[in-house]
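S.K.: I have a structure I would like to understand better, so I am pasting it below and will then ask my questions one at a time.
The values are calculated or read from the model by the stated rules, or taken from the named source; none is laboratory data. This structure is a prediction, so every number in the text was calculated from the model and none was measured. Please note: Cβ atoms are built from the backbone with ideal geometry, for glycine as well, and neighbour counts cover all protein chains shown. The accessibility values were calculated without ligands, DNA or RNA, using every heavy atom of the protein model including side chains. Shrake-Rupley method; radii C 1.70, N 1.55, O 1.52, S 1.80 Å.
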Amino acid sequence: MTAWPDLSNWSLRRLLVFWWILFLLIQQTQRLFLLPEALAREVPPWGILMKTLLTGLQADLITATIGVILAAILAGGFGLLWSTGITWRGRTVERGIVYRRALLCSSGFIGLLILILLTVDMGYYHFNQQHLNFVFFEYVDDLIVQALETGVASSQAAQQTNAEVQDVQKWGLRLVGFYLLQGIVILAWWLWFSRAIGPALQRWTVGAPGKTNAVLVFGLAAGVVGFHPQGPYAIRTVHISHAEYYTLAQNPILYASEALRAMLDSRMKEREPRGVHTMPLEEAVVIAQGLLGQGAVFPDSRYPLVRGGVSSEGVHFDGPKNVILILVEALDRRFLNASVRGIRVTPFLDRLRTDSIYFEHFFTNGVQTARGLFSSYCSYYPRQGTAAMKTRYTHDYLCLPSVLRKGGYRTEMAISEHRDLNRLHLFMSRNGLHQLFDESDFPAGVERIGSGP
């Protein structure tokens, strides 16, 4: 019977490669575990599926590289304390052995953290079809706050969580299956590396140590950006039009870290700055309705700025027509039909206006592009703090694409921004949009007008 190898006797290179690929494999295993759920909800074209898996591999490589680098840094500090303690006791020990053992401990710790986060993400994805997002961390924050303020027994969030945890039949088999698959992958990698890849790497190191070190350093440097000059940003802006598979392609750790940062940032922005007094919502709504027109009827309190029809007359078509809605950011309507020294300010829009359905009073609010898009398409005021599209993209709103989709239209959107502008792609896909074209869909040399004020 072959004895299990002693990892503390492995070289530093073998340890780094072993843990580096192991971190990658356990993340890939989780994505493959989630894939059947996505396929059950939507079967994508073959190209989309391949792009999802390749993008996921690239994203997982980034976090695996960051994980092994972090483990190496932690091992340095831990090894220094370890060797200092041994020396203080009057004993001698080879620092290389101490560091390798410290690297074993730190890598195991990082791997355990990754596995725990993947487990939580797996459960959340099963119930919400999303990775750990803003809503999840906001829920955890509310859970902690309610527990501290009212006690665990009376906390609604705590009671709901406790009820979910006690329903073992709902998640028990799924959890067992997940850990069984992870265990098989880890065991297979251990055996394969220790008996084949590790010895081959050792022989190559003996024959060409300089080249081995150069390849390892280059691999780590390229892996931390996923072999792409844009790094994690390329993962966020990947062109996958299916929201289900765009989400599956994202890395749970990168996704969760961004969501956690957004939640903490939102909590900080909720604190009103000193000397600044915000207007109550009810008062702001009354003033806004007054500006929209005296005597106007606002039939739905959920959409307080949407007026009822003032007459039964309107434009009617015999059948469905193509509809193009053009939003020009920061263009005051007073510039339309205006001239400066005999030169028309907006000649193309002026000509288009005569062939269009033109709303004389169309108001929307928002201090940023994403906030203006949200209020324009969904007839709702944007929240303070982090943008609603970025934090509530899993919610269903009554947005213009949804209305058109219910009327039998296919809706498409072209924007001179990237598709991940405050999770624009996920939000619009959830709320009726069929296809989003962003800046990456146009040739690199085409003239761009820019965006923003």
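S.K.: Between beta-carbons, use under 11 Å as the cut-off and find the net charge around GLN129, counting Lys and Arg +1, Asp and Glu -1. Walk me through the intermediate numbers first.
M.R.: Numbers: positive: ARG41, ARG430; negative: GLU37, GLU42, GLU244.
Counting the neighbours of GLN129, the net charge comes to -1.
S.K.: Please grab the % of Cα pairs in segment 22-66 that end up more than 11 Å from each other. Kindly include the intermediate steps, with their values, before the conclusion.
M.R.: Details: 662 of 990 pairs.
Result for the distance tail: 67 percent.
S.K.: In the chain, what cysteines have no partner Cβ closer than 4.7 Å?
M.R.: CYS105 - these cysteines have no disulfide-compatible partner (Cβ-Cβ under 4.7 Å) in the chain.
S.K.: Tell me what the chain gives for mean residue ellipticity at 222 nm when only DSSP H runs of n ≥ 4 count, each as -39,500 (n - 2.57), the sum divided by the residue total, rounded to 500 deg cm²/dmol.
M.R.: Helix contribution divided over all residues of the chain: -19000 deg cm²/dmol.
S.K.: Here are labelled values, (i) 190; (ii) 161; (iii) 274, and one is the computed volume of the Cα convex hull per residue in Å³ for what I pasted. Which one?
M.R.: (iii)
S.K.: What lysines does LYS406 reach when the alpha-carbon gap must be under 17 Å and sequence neighbours fewer than 8 apart in one chain are set aside?
M.R.: Hits, sequence-local ones excluded: LYS321.
S.K.: In the chain, which longest range has no GluC sites (Glu not before Pro) that are both DSSP loop (not H, G, I, E or B) and surrounded by at most 12 other Cβ atoms within 10 Å? Present the calculation step by step, with values, prior to reporting the outcome.
M.R.: Working: sites that count: GLU42, GLU94, GLU270, GLU313, GLU360, GLU447.
Counting at most 12 other Cβ atoms within 10 Å as exposed, the longest clean stretch of the chain is 95-269.
S.K.: Would you check the accessible area of TYR124, probe 1.4 Å, heavy atoms only, in square angstrom rounded to 10?
M.R.: 30
S.K.: For Cα pairs less than 8 Å apart in space and 6+ apart in sequence, what is the mean separation divided by the residue count of the chain, i.e. the relative contact order in percent?
M.R.: Values: 419 pairs, mean separation 71.6, N = 453.
Over the chain, the number comes to 16 percent.
S.K.: Related question: Would you mind telling me the share, in percent, of accessible area of the chain contributed by carbon and sulfur at probe 1.4 angstrom? Intermediate results must be reported in sequence, preceding the final value.
M.R.: Numbers: 17080 of 27160 Å².
Whole-percent figure for carbon plus sulfur exposure: 63.
S.K.: A further question follows. Rounded to whole Hz and in sequence order, give me ³J(HN,Hα) for segment 435-445 from the Karplus expression 6.51 cos²θ - 1.76 cosθ + 1.60, θ = phi - 60°, writing x for Gly and Pro.
M.R.: Per residue, the Karplus-derived 3J(HN,Hα) values read 9, 10, 10, 10, 4, 6, 8, 10, x, 5, x Hz.
S.K.: When ranked by the protection proxy of mean other Cβ atoms within 10 Å per residue, highest first, what sequence do the peptides 335-341, 45-51, 128-134, 432-438 form? Present the calculation step by step, with values, prior to reporting the outcome.
M.R.: Numbers: 335-341: 11.0, 45-51: 13.6, 128-134: 20.1, 432-438: 18.0.
So the peptides 335-341, 45-51, 128-134, 432-438, ranked by packing, come out 128-134, 432-438, 45-51, 335-341.
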